[in-house]
Amino acid sequence: MAMEGKAQFDGSEIEYVSYNGEHHLPLIMNLVDQELSEPYSIFTYRYFVYLWPQLSFLAFHKGKCVGTVVCKMGEHRNTFRGYIAMLVVLNSYRGRGIATELVTRSIKVMMESGCEEVTLEAEVTNKGALALYSRLGFIRAKRLFRYYLNGVDAFRLKLLFPRPESNFPTDNESHRLLTGGIQPEENSMLQNSM
Amino acid sequence: MAEKIEAERRRAIEVPISPSIPSGEGTVWADASSLLGLACNDLRDDELINGENFNLFAAMSALEIMDPKMDSGIVSTYYSIDEAIENGAAPVPLSFDRTLDVQRIIDIMDHLLSCEATWHKGGSLAQTVFSSIYLMRPERTSSHALLHSYCRVIRATSNAVVSAVSDARTNEEEDLFTMTYGLPLKSEGDDKCLSMLHAVEEIISRQLRACKAPPSKKRVLEDIEPLQNNLDLEEGFCKALLCRLRFRKHFYHVLTCMRRPQGKGLELAKKHIVSCLSELDSMLKSGEFLRSNNACGTLEDGIEDKTTASGCQPIGFDSTLNSRSATPTPPRAIKLFSWKKAVNYFQKLLHDLEILCSYSSDPVFESVLRFVVDFQKFQPDLVARALVQLLVVQDGRLYGRDPMFAVICKDALLPDGAKNHDIQKNITVPQLEQLAINLLRVLCTNTSWQRRKLGKILQDWRIIYVQLELAFKKEYGDILRSSVDENLCIKICKHILIWVEEKTYWIASRFLTLGFELDLYSPSEYCMAYWYMYVILMKLAEKTHIKMMMSNETSRRKTKKKRDFVRDMGKDHQIPPAVLLFQCYIYVAEGLMLMLAALRNEHKVFLSLGPFNSEHERFIQHFELLQKACLPDNVSYFSFRETTIHARFSTISVYNCFKDAQRIAKELRDSFANDPDRIAELRRIEQVAEHNGIALNLICRLGTLDPSLKVSFEFTHHPYLAVAVVKRS
């Protein structure tokens, strides 16, 4: 890969901070607008960072914001689940583990908060994101047909945390008749790129 | 904008409160508009309300992005169609210069084709085809026969396509497709579109004949008024129009013929498909003439992404006009297909439909499954998938012809008399019929959705098995214990039960293979995916074999135990080709599983390691639905570990797996000599086995000596059976 356009820096120069106020919001918005294909309104950002500030992190290099992760968590069909809404690292800063560090911090908080699993969507063409999440233990649980506004399919990625004790379904449970169709799990169309 | 919103709100509040909402005890209705107004004034730009019972998610959901009432960022040239018309956005005629009028009509036709293709591929109807102001106001075009007839056939065609897709319900996630709210899809008189189109076509044909006639005959034809003023261009314009009109005519016929009950229109549809394809060719040929004689001068940028053959911008389209009323979701930003891409789309669609029309309507369930699965390999789009489903399932019958119980009996290899047996009156049987119909329907959906749905219905198939078993036991005694003197009734019960099991494993195997086709497994998960495929295919082969043996009265024998069963199959000359074909897949899956396991164990590659969980969690997530449905009983992550943990290149029988697969595939060629699809599949299996055998030898010989050796897996020969590629890094 050509190193042109790549920022020169040492990994220790990157500073990671938890979201801590309104002054961080424009930094996050600028990054996401710059690097992701989906358009989001300011309300989308507010929704996430106001309700789950502890799950959002920013990466700075010499005072410049070069990466961010925005997440949420909550009950979803009887499962307490974390959701990674946006993960962005400036193009020139990619490939140096910043995204991994950002998302790992969020996932740790989710795990400590009692989440059973973490999900997100990523474009099927986004090889970088898919490789990163695969390294972290995410599987591609589903393919979502033409999920994004640009017509590209998405994968729903899922990370299941180890369960304290095996509570795999017993035979009785497995004979329950399934009724009804599949509901879309998330209405928000969010994506991840790094 | 804010004032406008405020005024609208006031108006909304002033509406008298509906008497259907009575004031209860202790509750009184009060006018809250002033309070609301004050609260609105308190809100600044970009702020959201966040309260105890109105959280940010609720606030977000209440917002309608791109609704001009709430989203001041939405920009439209016009606020209504009438306003657009008043401003001359869609004149009739398009020009008083008749040449220009013809040029512009052709541009409209071409742009509509681009719109239509974009719609079929996932755009909303309102923002594509019905972005045409002419289509939106049917009465305005009536003075212009050519434009009017064309608009009519477009509306009628759109209507036919919408009804096919809605009837088929293959559009689960593509429901945007059938949203037609507020669009004049069924304008009065559109049903006569073909006769109008025919009349116009007739006139232009005469005009074409007239301009081509030699001078001696010209006098006879002189009473025919030419299409337009420039006689040098007359022939070119007539031809360009004729192929466009004829394409519409034949395409409409294709749709109506294909909808005839019991596939009775398929032969005729095929003829119209051939005509459609030839008219599309003529349209492409007309491109050069239209480009060099266009009305908008030389084109600055290339023709490739233009929505018309001439390269000119068409008149009378505005995709923002309908955005308010047409969909409940925010309108999506749509990039229209270019005209060339649109033509290619229709060529692909017609080729898909041609395959459909050539299908023999085979009444054997297994053949139908195979046909639909094979058809999906061409990656048909929504319209073709809807039509295949409507052909296969009509009125709860196969092809609208064969009752499902009869189809099941036939596929369960029961004698012909079984289909009229009273057993079908048992309440569980109609449920089984419904499951079989649902399965066919699901197989017609897009593969992403299909896989999820297949995973879910596995549970239903397991349950119906239990229910049928109970019902049969209750009514006909313990069928499992009676093996002598079977009467027809018991025979039916037994056959149907084994058939249900066979189909359940078939669904499970399709679920697993689609995982590869959809790229859901990462290379570190291939090992477990092939292990599961191997396990499921063994069961599928077993059930199919039992079914076949049961139907053969003379060779009635007890089935061997599970483990011996498949091992012995290769040696048994009695084994039917269908089962041997499964055996090929089993060997390849087993070979791949063992090769991957050995690579993991000895080379420490393709391992599933991560900071947050282990391979066990990944296994649970991938195969949860199979495990929940106990497919098969008593297998778990630990069985996978047990099978693979000791695999070593020095000991594994993987070499024989690939060799055996190759050998059986070769032997089977004669059995499937009349089935070119199966012959092609056998060839693919042979290639996969051969390549993997070679790769395996290479890894074994060089593997430990050469640490720079890199092994990867590719799907170059088969959609779900991988081929190992060995390279030096």
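Every number in this text was worked out from the coordinates using simple rules, so none of it is lab data. These numbers come from a predicted model, not from an experiment. Heads up, the Cβs are rebuilt from the backbone with ideal geometry, glycines too, and the neighbour counts pull from every protein chain shown.
Remarks
- Fewest-first ranking of B:Ile664, B:Ile85, B:Ile49, using other Cβ atoms within 10 Å as the exposure measure: B:Ile49, B:Ile85, B:Ile664
- Partner shielding of B:609-615 amounts to 6, given as the average count of beta-carbon atoms from other chains within 10 Å of each residue beta-carbon.
- Listed by Cβ neighbour count within 10 Å, with the fewest neighbours leading, B:Cys527, B:Cys211 appear as B:Cys211, B:Cys527.
- Taking the average, over residues, of other Cβ atoms within 10 Å as the packing measure, peptides B:258-270, A:130-142 rank A:130-142, B:258-270 from highest down.
- Phi angles across region A:28-40 convert, under the Karplus curve 6.51 cos²θ - 1.76 cosθ + 1.60 with θ = phi - 60°, into 3J(HN,Hα) values of 5, 4, 4, 4, 5, 4, 5, 10, 10, 7, 7, x, 10 Hz, Gly and Pro given as x.
- Two-site FRET efficiency, B:Ser708 against A:Arg135, from Cβ-Cβ distance with R₀ of 25 Å, rounded to 0.05: 0.65
- Label-point gap, in nm, between B:Asp42 and B:Cys630 - each point 7 angstrom along Cα→Cβ: 6.0
- Shown here for region B:98-183: trypsin sites (Lys or Arg not before Pro) in loop regions (DSSP other than H, G, I, E, B) with at most 15 other Cβ atoms within 10 Å, namely B:Arg169.
- Between B:His351 and B:Leu268, residue separation times 0.36 nm minus the direct Cα-Cα distance comes to 28.4 nm.
- Averaged over the residues of B:50-58, the number of partner chain Cβ atoms lying within 10 Å of the residue Cβ comes to 2.
- Sites matching chymotrypsin sites (Phe, Trp or Tyr not before Pro) across region B:86-145 that sit in DSSP coil, with at most 14 neighbouring C-beta atoms within 10 Å: B:Phe96
- Check: the protein assembly as shown dipole with +1 on Lys, Arg Cβ and -1 on Asp, Glu Cβ, in debye: 3020
- Whole-Hz ³J(HN,Hα) from phi, Karplus 6.51 cos²θ - 1.76 cosθ + 1.60, for region B:578-594, glycine and proline x: 4, 6, 4, 5, 4, 4, 4, 4, 4, 4, 5, 4, 5, x, 5, 4, 5
- Dipole of the protein assembly as shown, positive end: most advanced residue of B:Gly297, B:Leu382, B:Met550 [Cβ charges, Cα centre]: B:Met550
- A dipole drawn for the protein assembly as shown from +1 and -1 charges on Cβ atoms has a positive end, and of B:Tyr585, A:Thr79, A:Gln54 the residue lying farthest that way is B:Tyr585.
- Cross-link table A:Lys158/B:Lys539; B:Lys186/B:Lys341; A:Lys158/B:Lys348; B:Lys121/B:Lys377, entries beyond 25 Å C-alpha to C-alpha: A:Lys158/B:Lys539; B:Lys186/B:Lys341; A:Lys158/B:Lys348
- FRET E, pair A:Phe43, B:Arg209, Förster distance 56 Å, beta-carbon r, rounded to 0.05: 0.30
- Counting, for every residue in B:625-637, the Cβ atoms of other protein chains within 10 Å of its Cβ and taking the mean gives 2.
- Note on B:Arg641 and B:Lys604: their simple-model spin labels are 2.0 nm apart, each label 7 Å out from Cα toward Cβ.
- Once both labels are positioned 7 Å from their Cα atoms along Cα-to-Cβ, the gap between B:Asp82 and B:Arg260 label points is 4.6 nm.
- Order of B:Ile464, B:Ile620 - criterion: other Cβ atoms within 10 Å of each residue's Cβ, fewest first: B:Ile620, B:Ile464
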